[in-house]
1. What residue, of A:Ala19, A:Ala68, A:Ala6, is at pLDDT 50 or above and either within 25 Å of B:Phe123 (Cα to Cα) or of a type outside the set (Ser, Thr, Tyr) (or both)?
2. Just checking, does segment B:111-129 include any residue being over 26 Å from A:Ala278 (Cβ atoms) and touching a helix residue (DSSP H, G or I) at 6+ places or on another chain (Cβ under 7 Å)?
3. Out of all the residues in segment A:73-90, is one or more among the aromatic types (Phe, Trp, Tyr), more than 10 Å from chain B (Cβ to nearest Cβ) and buried (at least 20 other Cβ atoms within 10 Å of the Cβ)?
4. Could you check C:Gln39 against (1) within 22 Å of C:Pro172 (Cα to Cα); (2) touching a helix residue (DSSP H, G or I) at 6+ places or on another chain (Cβ under 7 Å) and say which number it fails?
5. Looking at the structure I just gave you, is A:Tyr269 within 11 Å of another protein chain (Cβ to nearest Cβ) and assigned to a loop (DSSP other than H, G, I, E, B)?
6. Looking at this structure, is C:Val104 surrounded by 15 or more Cβ atoms within 10 Å (Cβ to Cβ), hydrophobic (A, V, I, L, M, F, W, C) and out of contact with any His (no Cβ under 8 Å at 6 or more places or on another chain)?
7. Among the residues of segment A:201-219, is any facing another protein chain (nearest Cβ under 7 Å) and over 17 Å from C:Gly109 (Cα atoms)?
8. For segment B:131-182, which fully contained helices (runs of 4 or more DSSP H) count at least 1 residues that are farther than 18 Å from B:Phe91 by Cα and away from chain A (no Cβ under 12 Å)?
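The values are calculated or read from the model by the stated rules, or taken from the named source; none is laboratory data. Predicted model only: the values in this text are computed from it and were never measured. A quick note on method: Cβ atoms are made from the backbone with ideal geometry, for glycine too, and the neighbour counts reach across all protein chains shown.
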Amino acid sequence: MSRSSARSSIRATLRGREAPVSATTLARAPFDRALLLVVPATAFMLILFVYPFLYGLGLSFEPKEGGALGNYRHFFTTDNLWPTIWTTLRLAVPATLINVGLALPIAYKMRVKTRYQRWVTTILVVPITLGTVLIAEGALTYFGPKGWLSQTLQLLHIYDGPIRLTHNYWGVLISLVISGFPFAFLLILSYITGIDPVLARAAAALGADPAAQFRHIYLPLLAPGLAMCFCLAFVQAFSVFPSAVLLGSPAGPTRVISIAAYEAAFEQYDYSLASAIAMIMGFVQLVIVAAVLGLRNLFYRGPVTGGKG
Amino acid sequence: MTRLPARRLLRLFGALVVAAILGFLLLPAIVVALAAFNGRAILSFPPDTWSVRWFVKALAYEDFRAGFRNGLIVTAWASAIALVVGAAFAFVLDRYEFRFKRTLETVLLSPLVIAHFTVGLGFLILAAQLGVARGYAVVIVCHVVLVLPFVLRSVYVSLRNLDRRFELAAASLGAPPGRVLATITLPLLLPGLVSGWLFAAILSFNEFTASLFVTAQRTQTLPVAMYNYVREYADPSMAAISVVYFVATAALLTFATVFLGLGKVLNVEQAR
Amino acid sequence: MSKPADPGTADPALAVRLDGITKRFGEVVALHEVSLQVQRGELMTLLGPSGCGKTTLLNLVAGFLVPDAGEIAIDGVRVTDLPTYRREIGMTFQNYALFPHMSVERNVGFGLRMQGVPASQITPRVARALKLVQLVQQEHKLPGQLSGGQQQRVAIARAIVIEPPLVLMDEPLSNLDAKLRIETRAEIRRIHRELDRATIYVTHDQDEALSLADRIVVMKDGVVQQIAAPPEVYAQPANLEVARFMGYRNVLELGVDAEHDGRVTLSGSEIRLTGVRKQALPGARACVAIRPEELVMGDGPGGLNTIVGRVENVEYCGRDSLIDIVTASGVLLHARAARPAALGDEVRVHVPVERALVYPSDAARA
C-alpha cells in the first residue's frame with residue numbers, strides 16, 4: 001500500500017476518525033501503527049538471531065593454531081572428538097525412533113476428543129514440566145544400582161543381580177525417551193486430529209476394517225507430519241547434554257558431541273574450537289533433517305480434508 | 001447393547017499400554033516426590049520414615065532461593081517480551097505480503113531446530129566478545145530467542161483461525177482501528193496469546209542447557225542451581241525442591257491444557 | 001432393551017428393515033421408536049428440518065452409530081451389531097469425503113480393492129462407473145483439482161462401483177449451487193433408474209424429495225410423521241407438522257362450528273371456512289392449512305370459503321406473484337396469483353373445500 005495512503009490513514013486513526021474507505025485500507029488500517037513499530041523490532045530480532053550464528057561461524061574459522069580449517073581438522077583427527085558424532089547418533093536415532101514410534105499409536109488411539117483423551121493428554125505432557133535435571137535425579141534414584149527398581153526386583157525375587165541402567169548408555173536413552181516423548185506425542189496428535197474423521201468413515205463404508213483404515217487413509221496422510229515430527233524430535237535428542245553428564249558416563253560410552261563442545265568452551269577456554277564443534281553438530285543435524293524431509297516430499301503434501309464442505 | 005468381546009479386550013489392552021507408558025513417564029516425578037519426604041538421607045525403598053525436613057532445608061538453601069528468584073525474573077521478562085514480539089510478528093506474517101516473508105519466517109522459527117546448547121554457546125561467545133557482562137540481560141535475550149517460535153506459532157494459528165469478518169463487521173459499525181484491535185481482535189485471540197505465553201513461560205523456567213552457558217554464579221536459574229547441587233551432594237533436598245518446582249509448573253500446564261487446548265500450540269504445520 | 005419385531009423372518013423383498021429404533025445422545029432423544037421398510041429398488045427420502053433425526057437414522061443404517069433399542073436388517077441380514085465395514089452399503093457424504101491423497105481412479109477403486117477384487121477386473125469396473133456418472137478423462141486427477149460437481153460424481157461412482165444392495169446418500173446436493181443442484185438431481189434420478197438399487201436419501205429440501213423419491217419419510221423431532229409417495233405428501237399431509245414443512249404457509253386457528261361426514265365448518269376472526277378433516281378433532285378449535293397457490297382469486301361458488309382483504313405486499317416471481325393479504329380483522333394470508341395485484345387493492349380470494357385441510361389445534365403450537 002502506498003506511503004501516502006498509509007500516512008493519511010494513520011493520521012485519520014490518530015484523530016479518531018475512520019480511515020478513508022477502500023478495500024485495502026479497511027483491511028489493513030488497524031495495523032498500520034503496529035507495522036511501523038515492527039520494522040525496528042524486526043531489524044533488532046534479526047540481528048539477535050542471525051548475528052550470534054554468523055559470528056560463531058566466523059569464529060570457528062579462526063583457530064588458535066592452524067589455518068582457517070584448523071579447528072575442523074583438529075576435531076576429525078582427535079580421538080576423543082570425532083567419535084562423539086557416532087556416539088550421539090547412537091543415542092539420538094533410537095531415542096527418536098522410540099519416541100515417534102510410541103507416540104503414533106497412542107495419539108492414534110486418542111484421536112477422538114473425549115474427556116479421557118484430555119486427561120491422558122494432560123498427564124502425558126507433564127514430563128515437559130519436569131526438566132532434565134529432575135528426570136536425571138529421578139532416574140538415578142529409580143534405576144540406579146542401589147535404586148528402587150533393583151530393590152523391588154530383589155524383594156519380589158525376580159532378579160538378584162545388579163542393575164546397570166545408569167551411568168551408561170541405557171540411562172541416557174531412558175532419559176531421552178522420557179523427556180522427548182511429550183513433544184512427539186503432542187505434535188503427532190495435532191496432525192492426527194487435523195485429518196477429517198469422515199475420511200475414515202468413508203473408508204469403512206467401502207469395506208475397510210480399522211487396520212485397513214489406518215494403512216490406507218491415516219498413514220499416507222500422516223507421513224509428512226511424521227517426518228516433521230521425526231526431524232524436530234531428532235534435533236532435540238541430538239542436542240542431548242545434561243542427561244549425558246548426569247546419567248551417562250561422560251568420559252566414555254556416552255561422550256556426546258555437546259560434551260566435547262562444553263569442555264572446549266569451559267575447560268579449555270577455546271571458544272573457537274567450541275564454535276567449530278557446535279557447527280559440526282548443527283551440520284550433522286542438518287544432513288539428517290534434509291534427508292528425512294527429502295523423503296517426505298515423495299509423499300502427499302496437500303490438504304487433509306475430503307473435498308468441499 | 002452388546003459389544004463384541006474381542007473389541008473389549010483390545011480396548012482394555014490399549015488402556016493398559018497407555019497406563020504403563022504414563023507410569024513410565026511419571027516415574028521420575030513419583031520417585032523424586034517420595035524421596036523428598038524420606039526421613040533419612042539415604043534412599044531406601046520404601047522409605048521407612050517420613051519427614052518434611054528436606055523441604056525446609058531446600059527452601060532455606062540460599063542457592064535455591066536465588067535460583068528461584070532469578071528464574072522468575074528471567075521467565076517473566078523473557079515470556080513477556082516473547083509474547084509482544086511474537087504476536088507482532090505473527091500479525092505481520094498473517095496479514096502482509098512482502099518479499100522476504102518466507103525467509104523471515106524461517107529465521108524466526110529456526111531456534112526450534114537448533115540445539116539450545118548452540119544458542120547458549122553463541123550468546124556466551126557474543127557476550128564475551130562484546131564485553132557485555134553476564135548479567136540478566138544476556139540470559140533474558142537468550143531465552144527470548146528460544147521461546148519465540150512457540151509464541152509465534154501459537155498466535156499465528158489463532159490468527160489463521162480468526163474470522164476476519166468480525167473485524168470488518170466492527171469497522172462497518174463505526175469502530176476505529178484501535179478500537180477494533182482492542183475490543184474484537186485481542187479478545188478473540190486471547191486463548192492463543194495466553195497459551196503461547198504460558199508455554200513460553202514454562203519452557204523458559206525449565207530451560208537448562210542454554211542457561212548453563214549464559215548464566216553466571218549470581219544469575220543462575222533454578223535448573224542450573226539444581227544441577228550444580230546434585231553434582232556435589234546427594235541428599236533429598238534436591239528432591240524436595242524438585243517437587244515444589246514440579247507441582248508449580250504442572251499446575252500451570254494442566255490449566256493450560258484443560259482450559260486453553262495446549263495441543264494447538266505445537267501445531268507447527270496445519271492451521272485448523 | 002429392544003422388543004424386536006421379529007427380524008428373523010427375512011423378507012426377500014425388503015432391502016432395509018428398521019424396527020423400533022431408538023437413539024439417545026445423553027438427555028436428548030434423537031430417534032424415538034422409528035420403524036421403516038425400504039423395498040428393493042426403491043428410492044426413499046428422509047425429509048425434515050435440521051435436528052429431526054434423519055442423519056442420525058442414516059448413520060445408524062450405515063453403522064457409524066449403534067441404536068439404544070431396536071433392530072436393523074439389510075437385505076434380510078440382521079446387522080444391528082455389525083461394524084460398518086462388514087455391512088454391504090455404498091455411501092456418499094455431504095462433503096464428498098474423497099480421499100485427498102488418491103487419484104479419482106484409486107478413489108473409485110478403493111472399495112473393490114477392499115473386497116479383494118483382482119486388479120484386472122477393477123480397471124474396467126471403475127471405467128464403467130465413471131462413464132455412468134459421465135466423468136471421463138479425469139481418472140488421474142486428484143480430488144483437489146476437481147470442481148464441486150465433479151467431486152460429487154466421483155463420490156457417487158465410488159459408492160456404486162461396488163454394486164451394493166443399498167445406497168445411502170447424505171444430503172448430496174447441499175454443497176452445490178442452485179443450477180448445478182438441478183442438473184445433478186436429474187443425474188441421480190437417471191443413475192438410480194439404471195442401477196435400480198434401494199437407496200435411502202437424506203435431505204431437508206422438499207423439492208428434492210418430491211422430484212426424486214418413490215416414497216418420502218417426513219420426520220420431525222425424532223419421530224416419523226408420514227410415509228407416503230410424493231403426490232400424497234404434497235396434497236394430503238398427515239398432520240400439521242408435515243403440512244407446515246411441505247409449504248402450507250397459511251395456517252389459521254379457528255373455532256369448530258360443525259362437523260359432518262368428514263367436512264368441518266369453522267369460523268373466527270370474521271372468516272368462515274369449510275374444509276376437509278384430516279385427523280380427529282378433540283377440541284373446540286382447529287387449524288386450517290391452505291397452500292398459497294390454492295388460495296384462488298375471486299369468489300367461491302355461492303360465496304363459499306371466500307375471504308376479503310387488502311394487499312399488503314407483492315413479490316413478483318416471474319410466472320406468478322406472491323401476494324400477502326391482510327383481512328379487516330388482521331389475519332395475514334399468503335396467496336399466489338398469475339397476475340400481480342397492486343398494493344392497497346382490495347381482493348377477494350377463496351379456497352376449494354377439498355383443499356382446506358383441517359387439523360387439530362395445538363395450543364402450544366399456535
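1. A:Ala68
2. Looking only at segment B:111-129, we keep the residues that are over 26 Å from A:Ala278 (Cβ atoms), and these are none.
No, segment B:111-129 contains no residue that is over 26 Å from A:Ala278 (Cβ atoms) and touching a helix residue (DSSP H, G or I) at 6+ places or on another chain (Cβ under 7 Å).
3. Filtering segment A:73-90 for residues among the aromatic types (Phe, Trp, Tyr) gives A:75-76, A:82, A:86.
Those still in the list that are more than 10 Å from chain B (Cβ to nearest Cβ) too: A:75-76, A:82, A:86.
Narrowing further to those that are buried (at least 20 other Cβ atoms within 10 Å of the Cβ): A:75.
Checked against the condition, which is being among the aromatic types (Phe, Trp, Tyr), more than 10 Å from chain B (Cβ to nearest Cβ) and buried (at least 20 other Cβ atoms within 10 Å of the Cβ), segment A:73-90 yields at least one hit.
4. So the condition that C:Gln39 fails would be (2).
5. Details: within 11 Å of another protein chain (Cβ to nearest Cβ): yes; assigned to a loop (DSSP other than H, G, I, E, B): yes.
Yes; evaluated as a whole, the condition is true for this residue.
6. No, not satisfied.
7. Within segment A:201-219, not a single residue is facing another protein chain (nearest Cβ under 7 Å) and over 17 Å from C:Gly109 (Cα atoms).
8. In segment B:131-182, B:136-161 are the helices (runs of 4 or more DSSP H) which contain 1 or more residues that are farther than 18 Å from B:Phe91 by Cα and away from chain A (no Cβ under 12 Å).
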